[in-house]
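> For reference, the structure I am asking about is given below.
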Amino acid sequence: GRLGGVFHGTVMEYLPGRTLKDVIVAMGALDPKLAIHICLQILAAERFAHTKGIVHRDIKPQNVMIDDEWNVKITDFGIAHNPVDGDLTQTGQMVGTAQYISPEQAQGKTVANTSDLYSTGVVLFEMLTGKVPFDGDSSVAIALQHINQPPPRPTAVNPTVPPVLDAVVLKAMAKSPVERFAN
């Protein structure tokens with residue numbers, strides 16, 4: 001037999017370990033020190049991408065790999081883009097995963113580094129509580145919550161979270177990109 005056609009695919013590094021989502025499902029709310037340790041590594045990876053002009057646009061626990069020593073790698077840059085090159089998506093088209101999407105992404109607006117930082121705030125919330133801040137029956141319903149509803153405080157879901165982390169999550173998840181951390 002003869003093999004026909006052309007291979008179209010992506011070659012990726014094999015990453016041993018599990019996703020952060022697997023860890024949260026197995027462990028529930030993580031110890032705040034472990035959550036901070038993981039979050040700092042996510043932020044370091046984002047900073048590297050951002051300095052190269054790349055916005056990931058789909059930061060979520062499913063795209064965070066963790067090895068046995070709690071080292072982190074970010075995966076799936078499949079919808080990442082360089083805002084300088086222009087947005088490759090149609091105006092008004094939502095790109096990303098609803099539970100972790102920034103309000104501007106949910107509205108199909110231009111994204112920037114602060115969009116990834118919003119999603120990182122959502123991931124930190126989930127690490128601290130074992131739950132996502134917004135959930136619903138459809139992607140649209142969840143996206144509307146990101147646009148319209150203030151995020152809950154992690155301490156409202158898990159009273160053992162240090163209150164200072166409430167402030168970090170709420171600033172990261174500010175509705176307006178200019179109210180979030182700049183980097």
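> Can you give me the C-alpha center-to-center distance between the range 17-62 and the range 118-176, rounded to a whole angstrom?
Answer, in whole Å: 15.
> Starting from the Cα-Cα distance between VAL164 and HIS37, subtract it from 0.36 nm times their residue separation and give me the gain in nm to one decimal.
Contour length minus the Cα-Cα distance gives 44.2 nm.
> Could you list, in their original order, any pairs among LYS21/LYS131; LYS131/LYS171; LYS52/LYS175; LYS60/LYS131 whose Cα atoms are separated by more than 20 Å?
LYS52/LYS175
Where a number appears in this text, it was derived from the coordinates with a stated rule and is not lab data. The structure presented is a predicted model; accordingly, all values stated were derived computationally and were not measured.
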